[in-house]
Structure formats: C-alpha cells, structure tokens
1. Mind listing the long-range amide H neighbours of B:VAL82? Cut-off is under 5 Å, sequence gap 5 or more, other chains count too, H placed in the peptide plane at 1.01 Å from N.
2. Dipole of chain B (Lys/Arg Cβ +1, Asp/Glu Cβ -1, origin at the Cα centre): which of B:LEU281, B:HIS111, B:THR328 lies farthest to the positive side?
3. Mind listing the phi-derived Karplus ³J(HN,Hα) values for the range B:334-341, rounded to whole Hz, using 6.51, -1.76 and 1.60 with θ = phi - 60°, and x for any glycine or proline?
4. When chain B is treated as a GNM, springs tying every alpha-carbon pair under 10 Å, which of B:CYS48, B:CYS268, B:CYS348 comes out with the largest mean-square fluctuation?
5. Pick out which of A:GLY202, A:GLY167, A:GLY73 has the largest mean-square fluctuation in a Gaussian network model of chain A, springs linking Cα atoms closer than 10 Å.
6. As an exercise, use a Förster radius of 41 Å and the Cβ-Cβ distance of B:VAL82 and B:GLU350 to find the FRET efficiency, rounded to the nearest 0.05.
7. Do the sum for chain B: with -39,500 (n - 2.57) for every DSSP H run of n ≥ 4, divided by all residues, what is the mean residue ellipticity at 222 nm, to the nearest 500 deg cm²/dmol?
8. Could you work out which residue, out of B:GLY49, B:GLY148, B:GLY222, moves most in a Gaussian network model of chain B, that is, has the largest mean-square fluctuation with Cα springs under 10 Å?
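What follows is calculated from the coordinates using simple rules that are stated; it is not laboratory data. Given the structure is predicted, the values throughout are model-derived calculations rather than measurements. Cβ: placed from backbone, ideal geometry, glycine included. Neighbour counts: every protein chain shown.
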Amino acid sequence: MIEWRAIILTLKLAFVVCSVLLVIGTPIALWLSFTRWRWKFLVESIVALPLVLPPTVLGFYVLVALGSNSPIGRWYRGLTGHGLPFTFEGLAIASVLYSLPFVVQPMVASFSQVDRNLINASSILGASRLRTLFRIVIPLSVGGIITGVVLCFSHTLGEFGVVLMVGGNIPGVTETVSIAIYDNVQALNYATANKMALLLMGFSFITLSITYAINRKAWAIWPGHR
Amino acid sequence: MAGAEITRREESAALSVRIVRRVSPDFSLEAAFDAPAGFTMLLGTSGCGKTTLLNCIAGLLAPDSGRIALGSRPLFDSASRVNVPVAERHLGYLFQNLALFPHLTIEQNIHYGIAKLPAAERRERTSALLESFRIAHLLKSKPNRISGGERQRAALARSLVTDPSFLLLDEPLSALDQATKATIIDDLRAWNATHRIPILYVTHSPEEAFALGEHVVVLDAGRVVASGMPQDVLRAPRQETIAQIVGFENVFDAVVASLDEREGTMLCRLGLGGRELEVPLSRTDVGARVRIAIRAGDIIIAAERPSGLSARNSFTGRIISIRQEGVTVIVTVESGVEFEVHITPAACQELHLETGKRIWLVIKTYSCNLVESKRPD
C-alpha cells in the first residue's frame, strides 16, 4: 500500500526548503556574484561543501549543532518547549543546508553573466540598487533561478542520509518517501516499494521536464541576451 | 530617484575635470580639461585611458584624487570628500555596446529613467523626442528586433529623455555606416541647440573629432597633450604624438637650410633627395633637425607647371600609386621623398591621373607644420 502520508510530507518538505532557499540563497548568490572581497573563495567553499560531504557527515554535524546541548538547541527549546532533532523543523533546517549549493551555484552563474554595462546603465538612469536588482538583474537571470529551484526540489525529494541522521523515521513527522521505500524493502514489501519508487521517479521526471520547458521558453524570449 | 526632478542648471555650466587615477603600476590617468556646453571631442588611440576617464566622470570609478565639477556643483572632490553616487549625478552615458535592456521593449527602455514622473508628463517628454529621432514606430519592439542605427537612436533617446546635465558618448557610432552616423549626429546637434549641455564624445578617429567637435581634447598615455578649438589643435601640433594622433599623413625629417627672418619663413631640406620646402619660421638654427607634418588634403596636384600662385612650394613628382577609399582618392607621389595626397574622384578624373604620370605638387608655406622631434634616446 502506498504511504501517501510519506509522499505528502516529502512534497511539503521540498516546498518549504525551496521557499527558504529562494529567500536566503538569492542574497548569498548576489553577494558572491558582485563582491570584490579577496577572501570570497572561502565562502564559496563553504557553500559548496554539501556537494562533496557524505550526507551522514553533514547530518551528524547538523544533529550535534541542533541538539539540546548546543546553544541553538537550547535557544530553540526555550522558545518552543521541545528540541529540534527528530522534528519536521529540524529536518527542514538540515535539508536547507544540504541543498544550498544546488540553489546558489546556478544563481551565481546567471547573475555573473548579466552584462555589467546594463547594471551601470540602470544606475546612470537614476535607479536605486533595489530597482536595478528587480528590474534588470533578476529578470535577466530567470533561467538560473528556475534551474536552482528545480535542482533543490528534486534533490530534497530524493534525500536519504541527512533525513535519517537528523529526522529519524517518525511516520507523519519525518518519514519521507525515500525512507519509506527503504523500510518497505527491508520488510520485503517489494511491490509497495516499487510503486512508491515509480511514483517518485515519475514525479521527478515530470517536474524536471516542465521546468526545463519553461526555462527554454524563458531564454527564447531574450535570445539577444548572451 | 534624482533623475526625476528637473534640476534647472545654470546656462552652459561647463564640466571641469582635474583627476588622477592609477590604472596599473606603470600607467596612470592624469587628466585636466574643461568641457563647455557643446561637443567636446576626446581623441586618443586605444589604451590611452579614454574609457577609464569616462567611468570616473560618470562615477562608476572613483579617481584617486582630484575634482570633477559641473559648473559650481562638485561631483567628486577628494579634498572635501565629495563623491556623488552615480544615480544622483544626473548624466547621460552612451556605452559602446549601448546597454539597452534586452528584456524590455524600446518604450520600457526609454521610460526606465523617468519612471517616477506622472504618466502624462512621461508621454509628453517622450513623444517629441521620439518624433525627432524617428523611432516612434518601434516602441513595442525588443532591442534585438531593430536595426543597428535604430538601436543607437533608442539608446540616445533613453539618455536624453531624462534631461541630463551632461552627456558622455563612448565611441557610440563606431559600428555604423557614414550616412547613418551623420544623421544621428545631426539629430543630437539639433537637440543640443536648445539644451546646451556639455557633450563629451570619445573617438579614435581624427576625422570625426575635427568634423564634429567645437572643442578637441587629445589624450595620450593617460595625459591631455592638447586641447582647444579644432583648428588650433589641428594646425599647431607641437609634439610628434599629437601629430600622429591628429592624423598628418606626411611627416618628414628635415634639416634647416636657411632662415629668412624678414619673411618669417625658413627653408628645410628633406631627406637625401635635396628637396627643399619653405616653412614658417620657428626659433631654431641653421642645421637643426626638425620634423615637418603636412596633411594629405592640404597638398594640391597640378597637371602642368602652375603659375601665378601664392603658394611658395611647387615642384614636380611622379605618381607611384593611386587608390580610392570611400570618397577619397589617395595618390602617392615620388619627388625625392614620398608624398601622400588626398583628392576627390572628380579631380582625379579631370586631371587624367595615372600611375607613372609626371605632375606638379603645390604646398602652401602655412600648410607645413613644424613638429618638435622626440629626442633620440
């Protein structure tokens, strides 16, 4: 039997993670694209760390950082009365860190491609930095932003190691599709595992196809833009 | 947005620039000049610091020290720590690549700098400009759908519609054909007849500089080497670098043969052939080495021995090559040394000029410019 609860939870997690990363990833990407700070490469390395670290390593440190003995864990417990590990919030925080490079890197790539003279022209025409950002830089980087969000969404749908370390396996709270599939395989329920795996694969394929199609159209509107 | 307010400027406020900016360890820009209302042509070879200079004036780069002011309004002053942000300098800047926003229509591009104005005033400001720039029919098009000349007009209209206090043009027309270029310049000139703002126009083409400019500033290796009215800069190039930038096709090494103080002239012997030229007197001695620069367009070709002329230099030569570039026929004549002469195609036909033919060259004394030679190192 397909565990819809796990599927809905996974979609909710992916949605929350994408929204949070859109809000905090965009400023990071902008800063990385436009700063002339000489130590910027250190920040780039930190942002890219989740790409190379085993999910268990990342999960382990997030678990320690969020645990009841850490300042963050104590502060959160004082605020809400319960700890972060093995909750949906804790899982979301870990997933945000895990997917950070998947959002930031495509954004940096497209922000950096925006012709500096367009940005200069905007300032010369009297526009504030914020207006230049929303009227020039972001519209011309739509492709990279969409790519980042799609990668983040698909990546979160399929994550396993970090979820297991930080979230555990609590049905309806932290049990995501990939963990449900693992459980079913362990219990030799291959039919159920297969159905859920197929669903995940089909969903990922459709999401990717739709976003890449939109993305292509987004570029087709401005073919003059290099 | 400061551009939305129409700051009434004093009539003909001049742009005054006195700045130093280090570009690299062995190159620094040290520019000092004034650009009054009207066209000031900034002439220089590539790599002379023209774009750095424009970026400093626009506020995209900060000079290391100095002062930039428009009339009495300082834009940058290292002494009193003034550095007006780009968005508040209220200027127009036409980049070499125009920088039209590719995702916006021409109309959106043109309205970009006047977004804060009420719609009615925006329309009023735009319509007259679009009419005179002949781009009213392109408003709904994206920049990549229109021709190069139309893009130039659109970019120019986008700058002018904000009613800027001064305008910077960075070789904006270099990609255009001569005719399109000329009409755009005429449109800009007509616009500035009523607005009277300083227009700083960067070019590497001496012809363009001297044809368009009311003032010319010659920049070489980051320094202003000459500035003034076009004819003054052109007619009296005192340094060899200026002569090269300014475009003298004929530059000859010569030795002073004799001085005539009473006539205000002197005779100079060119090269080895012994050809002598009468040139204006300068403070020098017989035997001194000088360099003489003559524009190819200042030399006259005659089919027969000329008589009854005021010109003091006339001598025979033999044509070694004739070729046409645009509407200029370039004739090379051998007469002890080689002279390059520019004439019109009609003149070339009328005189039946051909390679090998013997002709006469006529050069006025005052067409011969004495150029100080660089010291041999």
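1. B:ASP77
2. Final value for the positive-end residue is B:HIS111.
3. 9, 8, x, 10, 8, 10, 9, 10
4. Checking each option, the largest mean-square fluctuation is seen for B:CYS348.
5. In this elastic network of chain A, the residue with the biggest mean-square fluctuation among A:GLY202, A:GLY167, A:GLY73 is A:GLY202.
6. According to the calculation, E is roughly 0.10.
7. When only DSSP H runs of four or more count, the value is -6500 deg cm²/dmol.
8. With Cα springs under 10 Å in chain B, the top fluctuation among B:GLY49, B:GLY148, B:GLY222 is at B:GLY148.
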